[in-house]
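Shown next, in structure tokens, is the structure this report addresses.
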Amino acid sequence: MTLTASTDAAALASGAPPTPPGRRAAARGRRVRPGQPWWFLLPALAVLTTFFLVPTIYNLVYAFTDWSSFKTAINPVGFDNFHSLLSSGVLLADLRTTVIYALLVALFQNVFGLLLALLLEADTSLNRFARVMFFVPVIMSALAVGYVFQALLKPTGVVNSILGALAGHPVRYAWLADTRWTLLYVALIHAWKWMGLAMLIYLAGLKTIDQDALEAARIDGATTWQTFWQIRFPLLAPAMTFNVATALLGSMNSFDIVQATTGGGPAQTTEILNIFIYRTFGQGLFAQATTMSLVLLVVIAVMAFPTIWLLRRREQVL
Amino acid sequence: MSGASRGWRRLVHPVVVVGLLLFALGVPLWLVVVTSGKSRGDALSPSLALPRHGWHFGANYSKVFTDGRVWSAFVGSVSIVVPSVVLLLLFGAMAAWVFARRRGFAVSMLYAVAISGIVLPPAVITLVLLLRQLGLAGTLTGMVLVYTGIYMSTAIFFITGFIRTIPPQLEEAARVDGAGPVRIFFTIVVPLLRPVLATATILICLYIWNDVFYAFFVIGGRKDTLPLNLFQVASAGLYLNNWHLIFAYVVLMSVPLLVAFAVAQRRIISGITGGAVK
């Protein structure tokens, strides 16, 4: 029984259906040696350990030193780096920016993706063409996307001329130099780039929904609005788990789009943690950059695990 | 079906879709293409208008091809992406086979560690330190191993999930017939993994081909890749307002992936959606 429970939990955790019972019976019946040798794990674990886990452990150590390009010796300094980043206010400011950015991206990317999926759900040739086209930004380099929007959003740019034509008077709004709202606009650009991926995943989710259930609801007199919220939306839970989790994690660790649109400005109001890390590394302040890298690691871990757990639970309840 | 809903489908819906396509995609993409063909004077303030001083596609593209070292950057990008993908798929599939088929506490623990990289961000600064100690800083080998380390968790996660859905009878039959694990893996398991390997390849190529952040730290200033050189061209170009050159480079660097996408569009789309939602 315990074996069954753990197997199913593992299968659920990976999103795969449980293993068919035949295999377990066969393994128990014959008592042969497992057919997958341990050494098959070695190459993957060796690369993962050397180039992922060891740097992470280094990170824990070097965040507490005065490592920089100006000195040859590296000495432990305790919590000095954290103190200086906290007292200058940059740590909390950048952390706040990063979290707000990630939440905005997760929100917009999912709203855009879901709306596109619903709009393009029917299998017409126009819809198929539109789906392919909306995937083009996903393929483009994020850096390139950032430059395109920097041009679009210039005070004399295309967006302002379109708005000006609509309003009937010239518009000269500096979209990327607004200390209050630029973060929002950059998050919208990020969501624009990735909405095609969210759309595809929602489309796949919509395809798995049983057509008979929808038909039954329709016969019972449910409106399109009711069938969506009562039947289709809850069944999109797995797609939403994937989309929210990837959008949150992806944008927490974002760099390119912000760098190419604002470079962290105006007045550092869009400076997310990776921009800080890039900037301070360039200045030779390695310990400060490492400290911020550790902060990013901790924050992502703190945010990610509850998010995934909550979303998974929502799936299992349904 | 009611009359209103039919009217929506026939008339309003195509108008909405075409309008959205023009507005949300047409405007940015047209801006890139038209600006990349303008003279410097016409491109100073990028607009959707046609050029006033004629087309300059040839001049702009050839200038940026030389200044941005596009050929060298293309070769650099390919020689990083291809080995990374091969290592990720091979090592990832080998490990995933063990994780998917064997049971027990040790396997679960190792699996948790192996997929932690999906969630946790790489410690990029100390990664550079480690590469210096290993003598791999600024080398293509170092870059390949870094990407392999960063995306190994993603590869293992996707492939393990897929193997769990394949019944193991075939492998067991082969084992009873006396085939060794290496032979079983390469002749039976790997061919069955084609769909998930395709999905993983697409996602990993997208990430690595377009990455500039990790490339900055590991090989920035020493090796050429397409995004790194775009950053150089753009940093100089923004200062001088050379939008025509920036967008010419954007077009040049987007072409390889767009061509690949156009050729394999159906497979890519079904590959991605197949892997994410089961």
Worksheet item: What do you reckon, is B:LEU127 in a helix (DSSP H, G or I), within 8 Å of chain A (Cβ to nearest Cβ) and surrounded by fewer than 24 Cβ atoms within 10 Å (Cβ to Cβ)?
Response: no
Worksheet entry | Filter result (surrounded by 22 or more Cβ atoms within 10 Å (Cβ to Cβ) and among the basic types (Lys, Arg)) within segment B:29-62 | B:LYS38
Response to the item:
Scanning segment B:190-248 residue by residue, those of a type in the set (Ser, Thr, Tyr), in contact (Cβ under 8 Å) with a residue 12 or more places away in the chain and within 11 Å of chain A (Cβ to nearest Cβ) turn out to be B:TYR207, B:TYR214, B:THR225
Discussion item. Criterion first (at pLDDT 90 or above, more than 8 Å from chain B (Cβ to nearest Cβ), within 30 Å of A:LEU176 (Cα to Cα) and outside any helix (DSSP H, G or I)) does A:GLY284 satisfy it?
Written reply: yes
Item to complete: Keeping to segment A:245-269, report how many residues are more than 9 Å from chain B (Cβ to nearest Cβ) and over 17 Å from the mean Cα position of the chain (by Cα).
Response: 9
Response to the item:
Scanning segment A:119-165 for residues that are within 15 Å of B:LEU21 (Cα to Cα), without any contact (Cβ under 8 Å) to a residue 40 or more places away in the chain and either touching a Leu at 6+ places or on another chain (Cβ under 9 Å) or crowded, with 22+ Cβ neighbours inside 10 Å (or both) gives A:LEU119, A:LEU126, A:ASN127, A:ARG128, A:PHE129, A:ALA130, A:MET133
Worksheet item: Only one residue in B:PHE91, B:PHE65, B:PHE99, B:PHE105 is closer than 28 Å to B:TYR249 by Cβ and not β-branched (Val, Ile, Thr), so which one is that?
Response: B:PHE65
Response to the item:
Reported set for segment B:115-124 where residues are closer than 14 Å to A:ASN59 by Cα and more than 8 Å from every other protein chain (Cβ to nearest Cβ) is none
Practice prompt. Keeping to segment A:35-84, report how many residues are away from chain B (no Cβ under 14 Å) and part of a helix (DSSP H, G or I).
Written response: 4
Worksheet entry | Of all residues in segment A:210-234 being charged (D, E, K, R) and outside any helix (DSSP H, G or I), the one that is farthest from A:LEU118 (Cα to Cα) | A:ASP220
Discussion item. Here are the criteria: (1) of a type in the set (Lys, Arg); (2) facing chain A (nearest Cβ under 7 Å); (3) touching a helix residue (DSSP H, G or I) at 6+ places or on another chain (Cβ under 7 Å). Tell me which single one B:ARG52 does not satisfy.
Written reply: (2)
Item to complete: Considering only residues that are small (Gly, Ala, Ser) and modelled with pLDDT of 95 or more, look in segment B:136-154 and name the one that is surrounded by the most Cβ atoms within 10 Å (Cβ to Cβ).
Response: B:GLY149
Worksheet entry | Matching entry among B:SER36, B:SER72 (being farther than 30 Å from B:PRO181 by Cβ and either of a type in the set (A, V, I, L, M, F, W, C) or assigned by TED's automatic domain parsing to the domain that holds B:THR165 (or both)) | B:SER72
Worksheet entry | Odd one out for B:VAL85, checked against (1) over 29 Å from A:SER141 (Cβ atoms); (2) touching a residue at least 24 places away in the same chain (Cβ under 8 Å) | (1)
Worksheet item: Quick check, is B:LEU20 within 9 Å of chain A (Cβ to nearest Cβ) and touching a residue at least 12 places away in the same chain (Cβ under 8 Å)?
Response: no
Worksheet, complete the sentence: Here the residues within segment B:28-46 that are at the interface with chain A (Cβ under 9 Å from one of its Cβ atoms) and closer than 21 Å to B:LEU252 by Cβ are B:PRO28, B:LEU29, B:LEU31, B:VAL32, B:THR35, B:PRO46
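The values are calculated or read from the model by the stated rules, or taken from the named source; none is laboratory data. Keep in mind that what you see is a predicted model, and the values were worked out from it rather than measured. Note: ideal-geometry Cβ built from the backbone for every residue, glycine included; neighbour counts use all protein chains shown.
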